[in-house]
Structures are given as C-alpha cells and as structure tokens.
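First comes the structure, then the notes that go with it.
The values are calculated or read from the model by the stated rules, or taken from the named source; none is laboratory data. Remember, predicted model here, so these are calculated numbers, not experimental data. Cβ placement follows ideal geometry from the backbone for every residue including glycine, while neighbour counts extend to all protein chains displayed. All accessible areas refer to the heavy atoms of the entire protein, side chains included, with ligands and DNA or RNA removed. Shrake-Rupley method; radii C 1.70, N 1.55, O 1.52, S 1.80 Å.
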Amino acid sequence: MSEERKEMFRQLAIYSHVGMTFVLSIFLGLGIGWYLDYKVFDGRTAPWLTFIFLGVGVLAAFKTLWDLYRKLMEK
Amino acid sequence: MEHPILFISLILQALGLPVPHTPVGHTLLEKLCEPYMTYTWMVMIFLIIVPKLTMGKLEIVPGSGQNFWEVVISGLMDIFEENLGKKGARMLYPMMATFSLYIVIANMIGLIPGFMSPTSNWNITLAMTIIVWVTHHALGLRYHGLKYIKHFLGPVPILAPFMLILEIISNLARLLSLSMRLFGNIMAKEILLAVLFMLAGAFFAPLPILCLGVLVSLVQAAVFVLLAVSYCAQAMEPAH
C-alpha cells in the first residue's frame, strides 16, 4: 500500500468513528438516566435523572469531539 | 435475519444436533450450534489449515504460497509499526493480526451462498470489542501505573468527579460504536443480499451488492483494526 492510501485509511477510521460515537454517547447517557429513574429508584425521581444524564451524555459526546480536535491541533 | 440455506446448520441438523431457529438458543448445546458459532469455528479452522497447507516448510527462497503470506504479514507489521512503534507493534502483533485476518475472512465468506458472516451477529463483534477495550485500558495501566486514572479526571480538581462520569460514558460509547459499526455494516450487507436474492436473484440483482460487499468487508476490517491499534497507541503514549 502506498503512503497516501495508508494515511487515507487511518483518517477514514478516525473520522467515520466520530459520528457514531457522538450519537451513541447521547443515547447511552439517556439510557443510564432512564435506568436509574425507573429501575433503581422506581420512578420516584422521574424524570429528573433522565434529563440530567441526557445532559451528561451530550457533554460526553462533545468531549469526544473536543479530544479529537485537541489531538489534531497537537500534530 | 437468517440465510435461506446454511450448509453447516444443515449438516448439524442431519447429525441430530439442535440448531436453534431463534437468534439465541436456550440450552448450551443449542447455543453452541448457533450459525454464527459454527461459522466462527469454520473460519478458525480455515485460518489454521490454509496457511499450513500453502506455506509448508519455510524456505530461504520463498515459493508462491510463502511469498503471499510474507507480504500479508509484513504489510500488517508495517501498519502497526507506524502507529505503535517497533516494540509495541511486536507485543500487540499476534492479537491485532489475528483480528484483521479473522475479520477479513469472516466478512468475506458471507458473500458465498451457503455461508454467513459470523460478524453479522452482535455477539461476535461485541466480544472482539470487549477484548480490545480491556486490552487498551490494561496497557494504559501497565505503562502509566495509577497515573493512568488521572488522565480521566481532567485538569481541574473540583470538576474531577464530573469528568470521571463523562469519561466513563464516552468510553462505553466507544465500546458500543466500535462493535455496532462492524456489526451494522455486515448485517446490512447480509440482509440486502438475502432480500435481493429473494426478489430478483434470477436476474443477477445481487451482483452490484456483492461487489460492494467485497469493498465493505475489506474497509470495515481495516477500520476495526486501525481503531483498535490507535486506541492502544493512545493508551501507551507517554503522558504530557
């Protein structure tokens, strides 16, 4: 494989991963919140933990983007 | 989604073994006879026997079989060395090379009628991803000791617990997305092929998807391995 194509594959691996991780972070946060709300606390805290963890999930999603950005800036 | 005909399942059924018709079997024997399990074993046997047959004894002047494997092995080594350095590549080579060869073969056999890709089942891809995930954290702990955990706490002490939760979620998302992507792509290929075969198999309708399937198989295998390698490289790189 030529140098260029190798680099292309590397970039493809990294960037095609970003979108999926972004979306899944949000859903994972939502899922954790929902689980805590309805399974652990039996709905007594609903819907607050769901909202809080949804927010945390969104922040985690942006953090993955931020980490990628920082890694790019280092280069 | 099941393929219409899976020849290993047919053989097992003829032998009187219980082949489950639901995605997951109930008893242990049923679970062992799942198509994705049997085809995984088939790929394993293929990967053990075929290099033995084609390579034979190692010679100084390589024949065609040995030449092929030398190109494959050294090509993979080059890619890993670029990311991991010489020492890291040597250490991780058995695992990563096994992943790449296994995923390529497992993706590719789904294109042949009568076979299915084991990687079109989430259990297989999730298992592989968990191995990668545990390995890269273990490597991080080995190379940095307890300081590795500090990476997850961020620069500000007050925000540390919050950052820890963020990191846990984004790490778990990494686990999910790495497995889901391989599984999703191969599953989509399999379903598309099955549907096109049923709809217009006589008019060669699945042919373009078969061509695309070859591309998808190779690209997804490359992407999985490159991501695994880059996670390990990230965990091993010296702290700043």
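Observations, loosely collected:
- B:L166, sole failed condition from (1) farther than 30 Å from B:K86 by Cβ; (2) in contact (Cβ under 8 Å) with a residue 24 or more places away in the chain; (3) crowded, with 18+ Cβ neighbours inside 10 Å: (2)
- Scanning the stretch B:26-66 for residues that are surrounded by 12 or more Cβ atoms within 10 Å (Cβ to Cβ), hydrophobic (A, V, I, L, M, F, W, C) and closer than 23 Å to B:T98 by Cα returns B:L32, B:M37, B:W41, B:M42, B:V43, B:M44, B:F46, B:L47, B:V50, B:M55.
- Of all residues in the stretch B:133-158 being in a loop (DSSP other than H, G, I, E, B) and more than 11 Å from chain A (Cβ to nearest Cβ), the one that is least open to solvent (accessible area, probe 1.4 Å): B:G145
- Meets criteria (under 23 Å from B:L193 (Cβ atoms), open to solvent by 20 Å² or more (accessible area, probe 1.4 Å) and part of a helix (DSSP H, G or I)) for B:N123: yes
- Considered as a group, the residues in the stretch A:1-14 that are more than 9 Å from every other protein chain (Cβ to nearest Cβ) and open to solvent by 100 Å² or more (accessible area, probe 1.4 Å) include one that is modelled with the lowest pLDDT, and that residue is A:E3.
- Counted residues, the stretch A:16-69 - those being among the polar types (S, T, N, Q), within 7 Å of chain B (Cβ to nearest Cβ) and without any contact (Cβ under 8 Å) to a residue 12 or more places away in the chain: 1
- Where B:L84 falls short, out of the listed (1) under 30 Å from B:G140 (Cα atoms); (2) within 14 Å of chain A (Cβ to nearest Cβ); (3) among the hydrophobic types (A, V, I, L, M, F, W, C); (4) open to solvent by 30 Å² or more (accessible area, probe 1.4 Å): (4)
- Residue satisfying all of: in the stretch B:186-240; within 13 Å of chain A (Cβ to nearest Cβ), touching a residue at least 60 places away in the same chain (Cβ under 8 Å) and of a type in the set (V, I, T); surrounded by the fewest Cβ atoms within 10 Å (Cβ to Cβ) among these: B:V216
- Segments classed as helices (runs of 4 or more DSSP H), wholly inside the stretch B:1-100, with at least 3 members that are more than 25 Å from B:T125 (Cα to Cα): B:7-14, B:35-55
- Among the candidates B:I130, B:I124, residue that is in contact with a Pro (Cβ under 6 Å, 6 or more places away or on another chain), touching a residue at least 24 places away in the same chain (Cβ under 8 Å) and closer than 26 Å to B:L84 by Cα: B:I124
- Annotation: B:A106 fulfils all but one of (1) within 25 Å of the chain's Cα centre (by Cα); (2) more than 14 Å from chain A (Cβ to nearest Cβ); (3) farther than 22 Å from B:E34 by Cβ; the unmet one is (3).
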